[in-house]
Amino acid sequence: MLTDMAALGWLTPRRRSATARSVLAGEASAEAARKSTTDVLDREGAGREPEFPVHGDERAAAFFDLDNTVMQGAALFHFGRGLYKRKFFDTRELLRFAWQQTWFRLAGVEDPEHMQEARDSALSIVQGHKVAELQAIGEEIYDEYMAGRIWPGTRALAQAHLDAGQKVWLVTAAPVEIAQVIARRLGLTGALGTVAESIDGVYTGKLVGEPLHGPAKAEAVRALAAAEGLDLARCAAYSDSHNDIPMLSLVGHPYAINPDSKLRKHARAMDWRLRDYRTGRKAAKVGIPAAAGVGAVAGGTAAVIAVHRRRR
């Protein structure tokens, strides 16, 4: 870690700080994922490409983005719906977060001050709550909103890696607690997600590093691969978003799944494999900014925007 931080010296203070947070977020997520690794369950047969993955290659693994790659829609949206239903926050707070979300979408830029404000607002929702409480609620929310939204095609790809004896990890900006629930329900190895700080099992209202988004995902995969003794050149990664190009570029077998236009263009230029399981050319996607942090209210924010659009 000291060597990595020393290498950041040439960057400007702002970029150095952002990069350091990405490294910290990635390493924290990797540590949380390794601690939560579970036995692979329900290994049913699934179709696989004849040449890949390679059976018995223990130094290979697969990394799957979650939103619109494994599951239709955003995990944060569904998690927020569940928390709002359980009265973790009120309508007034919901409207305030909706305004912040609208600002991000209209401005098209991530202003540091606005990002910090939105992140602090989201984290304040879970501050003081027990980690175990959020984990239990995550189980309920998965059954209520997520179980029926898993893409069968992507699920088959993950199962092919499992059947080949390889580990499969989710990599998402969603809270690591909900990511671990989804991974366990799908019979995957584990999950890398955004880590919120907790002391004695209670959330402090702070993040460890930053949300696991963009470059932070790549750092998490790199840290986990080093800890697990994996050869990234033999690993695979799957995502729908151009924001995950850093993660996809790490591995020897990158896949664009239900790709957005920027990722589709990049994948074609790089001769990456593409899979599209949507019925139409465009997926129905809810824009959740990285600044949402833990995502305790991101789902509710998106819901307000969606309701507003339906009334127009």
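Name the long-range amide H neighbours of Val70: under 5 Å, sequence gap of 5 or more, or other chain; modelled H, no Pro or chain starts.
none
Around Val126, under 11 Å between beta carbons, what's the net of Lys plus Arg minus Asp minus Glu among the other residues?
That works out to -1.
FYI, it's all coordinate maths here, none of it is from the lab. What you see is a predicted model; the values in this text were computed from it and never measured. Methodologically, a virtual Cβ is constructed for each residue, glycine included, from the backbone with ideal geometry; neighbour enumeration extends over all protein chains shown.
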